[in-house]
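The values are calculated or read from the model by the stated rules, or taken from the named source; none is laboratory data. Keep in mind the model is a prediction, meaning the values are calculated, not measured. We place every Cβ from the backbone using ideal geometry, glycine too, and count neighbours over all the protein chains shown.
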Amino acid sequence: MSINTIEIERAVARLFCGEEEEDEKATAFLVSNDKVVTATHSIANYFDENLTIRLQFLNIMNVPIERTAVPIGNRDELGPISILQLNESIDSVNLCFVDFDPKKDHQFSTYGYPLVKWSTSNWCDGHISRKVEPDMTNFFEWDLVLDIGNSRIDDFSGLSGAPLFVENRLAGVVITQSLAGKKAISLSAISISKIRAILEGKGLEIKEDIHIQNNVNQVLLNNEEKIFIKQPLTFYEEDIKDLILFFAEECEDIKSSLDNFDLDGPEIEIKNVINNLSDEYFKHIRDKHLSYFSKIKNFLADPRNRKFLKMYTSTTDELQFKITSKRSDFNKFEEILIYLVDYILLRNIDKLRSDRNLIWVFIHFMYWNCDIGDKYDKAT
């Protein structure tokens, strides 16, 4: 059974501890229909000031699903993570921890609600730069340091309590961030080995790790099925969103000419073979979106739109690197194009709902313009 990252996103919620704007905000995720996991420090005001813990699930329905929750156990029993009991169960996907030992240089992904992306959520990925082993001195609750690379997010406040996937297993929880000045330089997380007693003490099952074969990435949900999921290909989508919104306003006034736009020549046919893009899908690009391509080229070539050209090239440069690194996770190239469209739309559904066709147009233009995907080299 195949799913995509949407299934994980359904299990993740925004957490508020209190009713005021300045009160604590964090991330939590479902581990059963009526229980979530979060970072304990995020709910300190529940104990200190008797504030209400509220949860909002934004990815299950077209309106937020709201619940209140209370910690299971008293404060003295809680460790770095807490299991919260919901006031009412939710019929949705539940995540399940896996008995897996993260190591230095393992790849990770996490998903949640840093405050700068509080309305839209955010995927973050990278590698583990340090693992504090049991025989090492450790002054902190966490034991994993996560390298966030060249993330454009400077402050990950709000991500505490997010699920941590290591080599595609749910193997920990994000706890905090490390700052240099006002910029985040790494995330800190706690692995399954340090929270096993907490989870099992509250009746949560930890699944046995299953060997992954044939490059199929695997994430266990909290049921008896094995659910397979591709490694998330994450990127900064704000630039392309802003570009699409501005282009939508200007589109009717931009000149268009198809004189030099040949989508049926031998070079594009070879490019499609190199990238494993199906003929049927390419016919759809040609029939539906060719008329937009000259407008996009003219728009990006206009000196008045230098800012948007830079936003476009920054996005395509990032995508090309990440598509190259994740190419083996996909079969047909159209699977990548569809994934990119879904990724942009789901994070900007309110703003791009009426212009969502232009997401397809711009992603297809990137491919046609050889900004993403392998290029045909005439010299070879």
Check your understanding: Can you name the strands (runs of 3 or more DSSP E) wholly within the stretch 140-180 that have at least 2 residues being closer than 20 Å to Lys25 by Cβ?
Key -> 163-166, 169-180
Check your understanding: Would you pick out the residues in the stretch 5-49 that are aromatic (Phe, Trp, Tyr) and more than 17 Å from Val93 (Cβ to Cβ)?
Key -> Phe16, Tyr46, Phe47
Exercise for review: Could you figure out which of (1) at pLDDT 90 or above; (2) crowded, with 16+ Cβ neighbours inside 10 Å; (3) not charged (D, E, K, R) isn't true of Asn168?
Suggested key: (1)
**Study point:** Residue satisfying condition, being in contact with a strand residue (DSSP E or B) (Cβ under 8 Å, 6 or more places away or on another chain), polar (S, T, N, Q), over 28 Å from Glu205 (Cβ atoms) and in contact (Cβ under 8 Å) with a residue 60 or more places away in the chain, within set Ser109, Ser157, Ser186, Ser129
**Key:** Ser157
Exercise for review: Mind telling me which of the residues Ile210, Ile229, Ile206 ends up being touching a Leu at 6+ places or on another chain (Cβ under 9 Å) and modelled with pLDDT under 75?
Suggested key: Ile210
Study note, to complete from the structure: Residue hits (the stretch 23-76; part of a loop (DSSP other than H, G, I, E, B), among the polar types (S, T, N, Q) and under 28 Å from Ile349 (Cα atoms)) are Asn33, Asn59, Asn62
Check your understanding: Just checking, which of Thr27, Thr5, Thr38 is touching a residue at least 60 places away in the same chain (Cβ under 8 Å) and under 14 Å from Thr68 (Cβ atoms)?
Key -> Thr38
